[in-house]
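Reviewing the structure listed below.
The values are calculated or read from the model by the stated rules, or taken from the named source; none is laboratory data. Note that this is a predicted model, so its numbers are computed, not measured. Here the Cβ positions follow ideal geometry from the backbone for every residue, glycine too, while neighbour counts run over all protein chains shown. Please note that ligands, DNA and RNA were not included when accessible areas were found on the heavy atoms of the full protein model with its side chains. Shrake-Rupley method; radii C 1.70, N 1.55, O 1.52, S 1.80 Å.
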Amino acid sequence: MMDKFLGPNTHEASAHNHFVENWYNWHTDHPHLDEALLSGCASYRAFQRYLSGDDIYLLPRNKFELESILRRYAHDAIHNAISQSRSPLQTGGYRRICHHAEQSIRDVLATDNNTQILLGLHRRNTTSTKASSPRKPSSTDRSIATT
């Protein structure tokens, strides 16, 4: 499903593949962290993490909430990469990396009906789970009902 949002020929997919294939020395290829590679990979990993649905506790209700989740995921990926790197950031590099990753996310969300697809993706799973297991009344429900 990743190909729908960031196909294999995109900068983000190329950056992600570079990090995956060169995990042992990606941070020593240049005298400073490669901002373009890091921002592209962070954007890719944000969508990958959202698509997995592993740690989504509150589903986004609109484009702004979805973008906020994806930005947070991208920032997590950026922080993880920076903490593992031995190469320094250039002055202002962190802000530029975040800006480029955020712009990439906005571009994907603005393409076709990507936002609607992403918003509806995990709703189906949640709805079917709730429908199949009815909620049991709690002691709080009973005390409210008796008063």
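Mind listing whichever residues of segment 107-119 are open to solvent by 40 Å² or more (accessible area, probe 1.4 Å) and under 12 Å from the mean Cα position of the chain (by Cα)?
Across segment 107-119, there are no qualifying residues.
Rundown of residues vs (1) open to solvent by 50 Å² or more (accessible area, probe 1.4 Å); (2) out of contact with any helix residue (DSSP H, G or I) (no Cβ under 7 Å at 6 or more places or on another chain), yes/no style:
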residue	(1), (2)
Ala13	no, no
Phe19	no, no
Gln48	yes, no
Arg61	yes, yes
Phe64	yes, yes
Ala77	no, no
Ile97	no, no
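Yes/no per residue for (1) modelled with pLDDT of 90 or more; (2) among the aliphatic types (A, V, I, L, M):
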position: Asn9; (1), (2): yes, no
position: Glu12; (1), (2): yes, no
position: Ala15; (1), (2): yes, yes
position: His18; (1), (2): no, no
position: Asn22; (1), (2): no, no
position: Pro31; (1), (2): no, no
position: Ala36; (1), (2): yes, yes
position: Gly40; (1), (2): yes, no
position: Phe47; (1), (2): yes, no
